[in-house]
Amino acid sequence: MPRPIEMSRRTVLAGALLAGFPGGARARAAQAQPASGLDLPDIPDLPLERRDGVASGRLPVERVETEMAGLPVTILGYGGRFPGPLIRLRHDETLAIAFENRLAEPTNLHTHGLAVSPRGDADNPFRHVAPGATAAYRIPLKGDPLNGGLFWYHPHLHGLQASQQFSGLAGPIVVDGPNDPGPLLGPHDERVIVLKDFRFAGREVALHRPLDWLMGLEGDLPLVNGALRPVLRARERRLRLRLVNASNARFWRIAAEDGRALTIIAEDGHTLEAPQPARAVTLAPAERLDVVLDLDGGEALTLLDVPVPRRGGRPRATAPLMRVVPPGGGRAKPDPLPARLTSRPAFDRSDIAERRRVDLSFFYINGRPMHGHHDAPMFRPRFGTREIWEIRNVDTMDHPFHLHTWPFRLLARNGAAVAGEPWRDTISLGPGETAEIGIDFSGEWGRSVFHCHIVEHAAKGMMAVLEVTR
Ligand code: C2O
Ligand code: CU
Ligand code: CU
């Protein structure tokens with residue numbers, strides 16, 4: 001198969017998207033994968049009981065017998081399903097979860113992207129929840145506006161995360177906060193969409209072969225909320241798609257078949273200053289995008305699953321991802337989006353306490369592999385200080401860098417300033433690329449981690465401990 005041409009990260013030409021579509025890819029896909037065309041499944045909310053600012057619920061993790069793409073399969077699931085139930089909170093609440101491990105192996109729970117405590121029974125990636133045990137998680141969101149937005153949860157036990165996450169352990173978190181752009185969008189239909197690939201061998205999830213630890217494990221079923229090529233029946237002419245990439249290693253790129261814009265309004269849960277229209281949107285593993293898609297006429301629209309060239313990625317052709325059917329009736333065209341969604345001051349570059357460099361190369365961070373949870377911290381930032389880190393991909397493979405607990409500002413990419421210095425918690429770098437990020441180590445302190453979010457790479461050592469000390 002010819003190697004796809006390199007395209008810019010967020011934008012590609014519609015013409016290039018259509019290469020290989022709809023002929024061969026569609027026919028091949030149809031043969032291999034029987035069940036498609038079902039309505040896009042909605043993700044039910046995790047039932048939470050609310051009292052005195054605490055939202056309490058129970059989240060079992062267990063083996064689940066279900067059907068995916070028409071096949072009877074056994075996966076791992078939170079709350080008995082995939083994707084895991086939607087945890088919906090307000091930014092001034094405390095999440096209290098009774099986390100029941102019904103697996104035959106240990107696991108734990110990470111709330112990816114939230115600026116919350118990494119200590120004790122909160123979002124502590126070093127916790128170990130034994131098989132059969134129930135662990136109490138208590139995670140105060142503290143009214144921090146940074147905690148408003150789209151986040152997600154997944155296991156984080158070093159060594160077991162890759163198989164557990166690939167088997168189905170992932171679910172979305174939506175936090176209503178003061179910067180939510182929703183009220184600026186006018187009437188719209190909001191959908192939370194978890195993108196994740198699966199691969200099965202018979203009824204069981206097919207797990208890693210040796211090379212998958214190098215390349216990152218990708219499946220052959222690109223599922224949307226667990227469904228293959230579903231149909232989204234829009235209730236309004238404006239859609240807000242809240243996309244989560246819950247794949248171990250698959251990069252997702254989505255474009256409309258007719259080349260119309262998908263407009264990004266938030267990245268990693270954080271509202272952008274200005275809407276950013278794109279011909280295609282790309283999500284590296286763990287990234288989230290809130291995207292507005294405006295519909296017109298009565299014609300259904302196909303969203304495409306566009307291959308993202310990365311070394312080690314599973315070769316594939318452009319294929320249909322989902323069909324979008326506009327609502328009936330002569331409803332008015334959506335108003336244009338406002339030019340500004342939010343505003344934020346520039347990152348404060350006075351008194352930078354430390355400048356650090358983070359070199360990503362295969363299985364190492366700064367030339368060192370992580371051995372386990374007891375590793376000495378690579379960095380010890382001081383609580384209440386600001387730092388600038390230069391992240392460099394000195395490797396030949398893409399690596400999405402992720403920092404827990406402290407969302408950061410993306411200041412520059414490849415030496416060029418990034419407009420608006422967007423907030424991120426994950427930033428993917430191709431071979432030779434660099435990013436400059438600004439981190440404010442206030443808000444939380446304690447031991448946490450940063451790592452590559454190709455989960456196999458993290459498992460093999462592309463992770464490091466940091467400790468923010470008071
Ligand atoms: Cu998605 Cu260390 O996390
Ligand atoms: Cu994380
Ligand atoms: Cu990596």
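Report whether or not Ser56 is part of a strand (DSSP E or B), away from ligand 3 (no atom under 16 Å from the Cβ) and surrounded by fewer than 21 Cβ atoms within 10 Å (Cβ to Cβ). Yes, satisfied.
The residue pairs whose first member lies in the stretch 420-439 and is charged (D, E, K, R), whose second member is within 16 Å of ligand 3 (Cβ to nearest atom), and whose beta carbons are closer than 7 Å, counting only pairs six or more residues apart or on different chains, are Asp425/His402; Asp425/Leu403; Glu433/Asn393. Scanning the stretch 444-462 for residues that are within 28 Å of Asp144 (Cα to Cα) and either modelled with pLDDT under 95 or in contact with a Cys (Cβ under 7 Å, 6 or more places away or on another chain) (or both) turns up nothing. Summed over the stretch 248-268, the residues that are under 14 Å from Asp290 (Cβ atoms) and among the basic types (Lys, Arg) give a count of 0.
Checked against (1) touching a Phe, Trp or Tyr at 6+ places or on another chain (Cβ under 9 Å); (2) over 28 Å from Met463 (Cβ atoms), Gly182 passes all but condition (1). Do we have Phe379 as more than 20 Å from Thr271 (Cβ to Cβ) and away from ligand 1 (no atom under 16 Å from the Cβ) here? It is false that Phe379 is more than 20 Å from Thr271 (Cβ to Cβ) and away from ligand 1 (no atom under 16 Å from the Cβ).
Here is a yes/no grid of residues against (1) in a strand (DSSP E or B); (2) touching a His at 6+ places or on another chain (Cβ under 6 Å); (3) among the hydroxyl-bearing types (Ser, Thr, Tyr):
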position	(1), (2), (3)
Val116	no, no, no
Ile139	yes, no, no
Gln165	no, yes, no
Pro172	yes, no, no
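Would you say Thr111 is within 16 Å of ligand 2 (Cβ to nearest atom), in contact with a strand residue (DSSP E or B) (Cβ under 9 Å, 6 or more places away or on another chain) and in a strand (DSSP E or B)? Write out each step before concluding.
Details: within 16 Å of ligand 2 (Cβ to nearest atom): yes; in contact with a strand residue (DSSP E or B) (Cβ under 9 Å, 6 or more places away or on another chain): yes; in a strand (DSSP E or B): yes.
It is true that Thr111 is within 16 Å of ligand 2 (Cβ to nearest atom), in contact with a strand residue (DSSP E or B) (Cβ under 9 Å, 6 or more places away or on another chain) and in a strand (DSSP E or B).
Scanning the stretch 258-287 for residues that are more than 16 Å from ligand 3 (Cβ to nearest atom) and small (Gly, Ala, Ser) yields Gly259, Ala261, Ala266, Gly269, Ala274, Ala278, Ala280.
Looking at Arg323, Arg316, Arg380, just one residue is basic (Lys, Arg) and under 22 Å from Met463 (Cβ atoms), and that residue is Arg380.
Of the residues that sit in the stretch 395-406 and are on the phi < 0 side of the Ramachandran plot and either among the hydrophobic types (A, V, I, L, M, F, W, C) or not in a strand (DSSP E or B) (or both), which one is surrounded by the fewest Cβ atoms within 10 Å (Cβ to Cβ)?
Within the stretch 395-406, the subset on the phi < 0 side of the Ramachandran plot is 395-404, 406.
From what is left, the residues that are either among the hydrophobic types (A, V, I, L, M, F, W, C) or not in a strand (DSSP E or B) (or both) are 395-398, 401, 403-404, 406.
On the way: Asp395: 21, Thr396: 12, Met397: 20, Asp398: 26, Phe401: 26, Leu403: 22, His404: 25, Trp406: 23.
Per the criteria, the residue is Thr396.
Here the stretch 412-441 is the region considered, the condition is being of a type in the set (S, T, N, Q) and in a strand (DSSP E or B), and the residue that is farthest from ligand 2 (Cβ to nearest atom) is Thr434. Considering Arg447, Arg392, Arg409, the condition of being within 16 Å of ligand 3 (Cβ to nearest atom), outside any loop (DSSP other than H, G, I, E, B) and among the basic types (Lys, Arg) is satisfied by Arg392 alone.
Which of the residues belonging to the stretch 104-158 are of a type in the set (Lys, Arg) and either more than 13 Å from ligand 1 (Cβ to nearest atom) or crowded, with 23+ Cβ neighbours inside 10 Å (or both)?
Quick first cut of the stretch 104-158, residues of a type in the set (Lys, Arg) only: 119, 127, 138, 142.
Answer for the stretch 104-158, where residues must be of a type in the set (Lys, Arg) and either more than 13 Å from ligand 1 (Cβ to nearest atom) or crowded, with 23+ Cβ neighbours inside 10 Å (or both): Arg119, Arg138, Lys142.
The values are calculated or read from the model by the stated rules, or taken from the named source; none is laboratory data. What you are looking at is a predicted structure, and each value in this text was computed from that prediction instead of being measured. Quick reminder, even Gly has a Cβ in these numbers, built from the backbone with ideal geometry, and neighbours come from all protein chains shown.
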